[in-house]
Each structure stands twice: as C-alpha cells, then as structure tokens.
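None of the figures in this text is laboratory data; all of them are computed from the coordinates on show. Here the structure is a predicted model, which means the values were calculated and not measured. Using ideal geometry, Cβ is built from the backbone for each residue, glycine included, and neighbour counts are taken over all protein chains shown.
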Amino acid sequence: MEQLIINGGAALHGRVDISGAKNAALGIIAAALLADGVSTIENVPCVNDVRVLIEAIMDLGVKVEYLDEHTVKIDSRKVDKLVVDYEHIKKIRASYYLLGALLGRFNRSEVAMPGGCNIGQRPIDQHIKGFEALGATVELEHGMVKATADKLVGTNIYLDVVSVGATINIMLSAVMAEGLTVIENPAKEPHIVDVANYLNSMGADIKGAGTDLIKIHGVEKMHGSEYMIIPDQIEAGTYMVAAAITGGDVVVGNLIPKHMEAISAKLHEMGVEVTEEQDTLRVTAKHPLKGVNVKTLPYPGFPTDMQPQMTVLLSIAEGPSVITESIFENRFSYVDELNRMGVKIKVDGNTARTDGVEMLQGAEITATDLRAGAAMVLAGLVAHGETVINHVDFIDRGYEFIEHKLRSLGADIVRKTDDVDRGMFKVV
Ligand code: EPZ
C-alpha cells in the first residue's frame, strides 16, 4: 500500500501551476460520446478518476489515444455497447454521465446504479427526474439504471436540489432532443460552464450555463471538436491553503481568479494576503491567522470540496471558528483521524467548531476520501514531526503528482511506494 510521508515545518515558497479541472474533464470525456466524430481534448489532468472513465468508454468501443500526457484524442464513431458495468461505476460516480450521453445520442443506456460514498447518500433522483421529463422511461433493475426513449423531447425541468451531476446529465441528454429544454435552478459551478462550452463547440445550442436558467435548443447532430479544459478550482484552492497553513509565500499559477473569489475572500478574512496578477494568485501568510466562520454553498458560494482543507487551516487559527457543511450530510468523518494530530474540533451534525490549537503533532492517519486526504496532507505540512498518510489512492483520484508539486515548493514529502508503473504515466 502506498503512503505519503511528510515532515512538517517548512514554509512553502515559489510557484505552482494548476492542472486541468477533474470535475470538468469527467463531464467532457463523457460528452465526447455524443459526437459521431473525433475530439481532441487538451489540459486533461493525470488523475485516476479520469483514467477510470477513459477505461469505461473504451469498454463501449470508443477509441482513445493519448497524444501526450495531457492531450487525449477520443474517436466515438464506433460505439458498440450501451451498457456500463458496475466494475467502473463502483470506482467513480461520474460514470453516471455515460447514462446521459448514451441516452442523448442513442435513446438508450444502461449504467450500474452508483452507490453512496463516505460523504453522503448521494441519490440520483434529480438525474432520473430530468431523463423522465425528456420522455425517457427509467427503470432500476438488479442494480442497473436503464433509460430508454423512442424520442427525447425538450421541456422545462426544475431541479429541486442544486445538483452539479444532474445539471450536466440533463444537458448531455437534451442537446439532441427535439425542441427547447429549460433547466431551472441548475448548478453554476465553473465545470458546468466548461462542459456547456465544449458541447457548443461540438454543435450544440446551449445558452445560460453558469446562470440560474439554462436553455438548450436541440440539434440533429453533434460533431467532434478540439477543446481545452479549464484549470481546477479545487486544486488551486488546496495550494492556496497550503501556502497559508505553512506561513509561506506562493504564486499559484494557471488558474482563473474569478473562480477563486469565495476562497480568496475567506483567506483574506483570516489575515492571509491574496494578490491577483493575470492568471495567478500570490498567497502570503504570517501566523497567527484569525478564526472565521465558513458555510459551504453551491457556486459562487464557498465550495464543499474545500471544506476539509479549510477546516484544517482553521484548526490552527487563533480564536473560534464555526464550519457549516450545507451540501453533504456526512462530510466531517475525517475529523476522527485528525484528532490523532491533536486538533480540537467538535463536530455536531453538519457543524464543526474549533478554537484553534498552536501546533499539530505528526501521526499516522488514513485518508477517508479525496478532499479529506488533501486536508491531511496540509495538516502534515504544518505538524511537528512526521506524518504518515495511508490510503493515498483517494488523493490520487483528484490530485496530479501532489508530492512533486509540493516538493517543488520546498515541502519535505515523499511517497513510499512499490515503484508501481501506472500505465499511462510513470512516477519519478
Ligand atoms: C459533484 O458531485 C462533484 N463531483 C463533487 O466533488 C462535489 O462535491 C459536488 O458536485 C458538489 O459541488 C463531480 O463533479 C464528479 P451534487 P455530485 O449532485 O454531482 C443532492 C470531489 O471531491 N442530490 O451537486 O454528485 C446530493 O446528495 C467531488 O471532486 C440529490 O439529492 O454532487 C448532495 O447533497 C466530491 N439528488 C447535493 O444534492 C440528486 O439527484 C449536491 O450534490 C443529485 C444530488
């Protein structure tokens, strides 16, 4: 089993560049199936969730070629299977985007029902509501979601919950439906806009992505396209917190400052200096930092995927902080592991309170999910002594070469590994 081993204490310095956005890449790779053609996608992050989704579409007959480490050519002219097995879904929930994409192009798809995960139950009722509103029949049988339609017809769909996944899946299934589809109360995350922009570059007619109302005029056919994925908002936020928690001075580059506003504002409130310059943010921090209150919300609010990282930062700030998680019902389970490092965080339902401690102690801990794993790395960077993190596979799901990037900023971090060849990319 691989581990990350960190000796804390170094203040991070220098520049780190952000990779492509995982949550945009997953929607875009699924969307490529809508084209009876070939797409070339650039700035694809080298993270395991992307690798798994590519395996899943290759299993459907799609030809995929890596032109370089971050550029993928997707030829979806010959899709010969419309069933996505549990083997893939059980690894990543976003395989459910294949449900919308295959339904949108072939009026038929069958995908294993995604289960819950450590952060919550995560139902897909809004996805199904959207497919049914467009005229599909959706059946749940033997753990499979089966969607079929004679014809998909545009209509008005009101989302009862602001859902990233449902918004993207409805866009995927509506772009070739007959007539106009209107999505009310959609999610507005940057990756929603990126998937819509890619779909429009393939010939779709989507307006209003990123606003409270999305309008989609169905088109007959979609073609291949060349596209570049946006930088990852959450990876960028994670490195901004890494700079702040170590009292460092880091330029986080290749990001879109607008996407970082909620995170920058909270860091600023804590006394961290965040300076914007073109597509970079310079983050400079001197301790002690001030405790603040944070509530996670759909975009443009404070992202839930930054909650664990922010909570770790607040656990060493001066004064009280209250963190409220409003998106997922079980997103504080990682705190039990952090207790081993001497944090003082009290969890009560979807709220956590901390008064801050002066120092964390290095310890052996186990990642419980992707973002919790990243938060544990941040804790290790500032802790006294050595921290050993298990279940690193969670972190590799969404962070590209995390230890290399951190080492380039002066962190003392290594990966204890069996020197595994990761197929498409090697660890050096
Ligand atoms: C996406 O998950 C992201 N995953 C998550 O990031 C992120 O935490 C989440 O959006 C919120 O921003 C990907 O993009 C692959 P939702 P998703 O549908 O689409 C409820 C990461 O770390 N809901 O917006 O699954 C749901 O239970 C991951 O990169 C329903 O009730 O999230 C949740 O409480 C973790 N019914 C809320 O809505 C539905 O049909 C928001 O979920 C759908 C969702």
message: If amide hydrogens are placed 1.01 Å from N in the peptide plane, which non-local residues have theirs closer than 5 Å to the one on Val294?
response: Val322, Ile323, Thr324
query: Each residue of region 63-74 in turn: what ³J(HN,Hα) in whole Hz from Karplus with 6.51, -1.76, 1.60 and θ = phi - 60°, glycine and Pro shown as x?
result: 8, 10, 9, 8, 7, 7, 4, 10, 10, 10, 9, 10
- request: Would you please name the trypsin sites (Lys or Arg not before Pro) within region 175-248 that are DSSP coil residues with at most 12 other C-beta atoms within 10 Å of their C-beta?
  value: Lys221
message: Whole-Hz ³J(HN,Hα) for each residue in region 124-139, computed from phi via Karplus 6.51 cos²θ - 1.76 cosθ + 1.60 with θ = phi - 60°, x for glycine and proline: what do you get?
response: 10, 4, 6, 4, 5, 4, x, 4, 5, 4, 7, x, 8, 9, 10, 10
field: Backbone HN-Hα couplings from phi across region 82-96 [Karplus 6.51/-1.76/1.60, Hz, Gly and Pro as x]
entry: 10, 10, 9, 6, 4, 3, 7, 4, 5, 7, 9, 5, 5, 4, 5
query: If amide H atoms are built 1.01 Å from N in the plane of the peptide, which residues on other chains or at least 5 residues away come under 5 Å of the amide H of Ala177?
result: Val219
- line: The exposure ranking of Asp205, Asp305, fewest beta-carbon neighbours within 10 Å first, is Asp205, Asp305
- prompt: Which of Thr387, Thr275, Thr354 moves the most in a Gaussian network model of the chain with Cα springs under 10 Å?
  reply: Thr275
- prompt: What are the residues whose amide H is under 5 Å from the amide H of Thr246, where those residues sit 5 or more places off or on another chain and H is modelled from the backbone?
  reply: Leu12
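Using the C-alpha gyration tensor of the chain, what are the square roots of 5 times its eigenvalues, in whole angstrom, with the largest one first?
Values: eigenvalues 279, 98, 80 Å².
Taking √(5λ) for each eigenvalue gives 37, 22, 20 Å, largest first.
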field: Per-residue [θ]222 nm for the chain (sum of -39500 (n - 2.57) over DSSP H runs n ≥ 4, rounded to 500)
entry: -8000 deg cm²/dmol
